[in-house]
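Contents: one structure, followed by commentary.
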Amino acid sequence: MNDEFYIGWMPTAPQSFAKHIKKILLVIGLLVITLGIILALQQRKFSTSVFEYGMLTEVSGIYQQYPVPSLKVFSKTDANGKQEFITMPLVGYGKFGAQGIIDELEKQKGFRFHQHQLTLKGTLIYSDGKAILQIDKYDAPLVKVKKTESSLKNVVKDLGTVDLIGEILDPKCYFGVMKPGRGKPHKDCAIRCIAGGISPVLYVRQREGGPLYYLLLDENGNPVNDFVKDYVADPVKLHAKAMQYNDWVVLYINTKTKLQRTGGLSWFKENDELIYCKPL
């Protein structure tokens, strides 16, 4: 017979009672640790994107007005001695595009910069093989400009008509300025960035391999910022003509019809490659 008796205000508990409580606490502790590990593993991985905040870098390249304001920057020479380039879209400071800054600089110089070699000073944003340059008029971004027009043209390839499902996002935040830079938590910020003139991008997951990114324009090659801003952060289906300009693909979407929102799993084919998108 167990005659041990415990009252809460006593300084020590009987041994049998203390043993029982220790076992319960041990089980609870292990459950808490296990649950913490499971929850941590279920979280989305932290983005490796980079925003070189406070650092100004001079970047030289051929300025392209189309499909979006960008610099065509020399990357490397391939095995055949051919020069390779990366296309670096330009954005402005804060939630604005770079077009207003470029217009002002062109007015000062008295000629259009398209196909001219520029050296711009700005802040680099980069991730996943893509790079963006943020320029600010208060940083005196134009370092140098050559008046001779470059003979280097865009390498353009018609990819036909494609059907894709993805998320419309603003590339400035996604590629480095904000973490997370996509999804519902970032929706309000992305809408304001796109409304401010930053060129929208469609993010598409593949079944295997990394995600794909597409610049968006309307059927006439004009910006679609106002049209797409209400679809940000929702999975949408796009039926569009695709054109490749160097290392970016542009989707020309029909702005006369509404985009189709979809939350399900979908498969689409592009150039004999299956494109896959999970619910975002």
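Any read-out appearing in this document is the output of simple, stated calculations on the displayed coordinates, not a laboratory observation. Note that the structure is a prediction, hence the values are computed from the model and not measured. Cβ: placed from backbone, ideal geometry, glycine included. Neighbour counts: every protein chain shown.
Calculate how steeply helix 99-109 sits against the longest principal axis of the alpha-carbon atoms of the chain, using the helix alpha-carbon long axis, and give the answer as 0 to 90 degrees to the nearest 10. Tilt of helix 99-109: around 30 degrees. Ordering L217, I38, S151 by Cα displacement along the dipole of the chain toward the positive end leaves I38 in first place; charges were set at the Cβ atoms of Lys, Arg (+1) and Asp, Glu (-1).
Please identify the longest segment of the chain free of exposed trypsin sites (Lys or Arg not before Pro), where exposed means a DSSP state other than H, G, I, E or B and no more than 13 other Cβ atoms within 10 Å. The segment 154-206 is the longest one with no such site. By the count of neighbouring beta-carbon atoms within 10 Å, fewest first, T161, T12 end up ordered T12, T161. The fraction of Cα-Cα pairs per 10 angstrom bin, counted from 0 for the chain, comes to 6, 24, 28, 17, 7, 5, 5, 4, 2, 0, 0 percent, rounded to whole percents.
Taking 0.36 nm per residue of sequence separation and removing the Cα-Cα distance, the Q108/A140 pair yields an extension gain of 10.3 nm. Whats the longest run of the chain with zero chymotrypsin sites (Phe, Trp or Tyr not before Pro) that are DSSP loop and have at most 15 other Cβ atoms within 10 Å? My reading of the result: 112-280 is the longest stretch.
Building the convex hull from the alpha-carbon atoms of region 156-277 and averaging its projection over directions returns 7.3 nm².
Taking G209, G29, G92 in turn, the Gaussian network model of the chain (Cα-Cα springs below 10 Å) assigns the largest fluctuation to G29. Once the Cβ-Cβ distance of Y53 and S16 is raised to the sixth power relative to R0 = 45 Å, the FRET efficiency obtained is 0.15. With 10 Å bins beginning at zero, the pair-distance distribution over Cα atoms of region 50-149 amounts to 16, 51, 27, 6, 0 %. Residue by residue through region 231-236, what is 3J(HN,Hα) from phi via Karplus (6.51 cos²θ - 1.76 cosθ + 1.60, θ = phi - 60°)? Round to whole Hz and write x for glycine and proline. So the J values, rounded to whole Hz, are 9, 4, 6, 9, x, 10. For the chain, the 222 nm mean residue ellipticity estimated from helices alone, with every DSSP H stretch of n ≥ 4 adding -39500 (n - 2.57) and the total spread over all residues, rounds to -6000 deg cm²/dmol.
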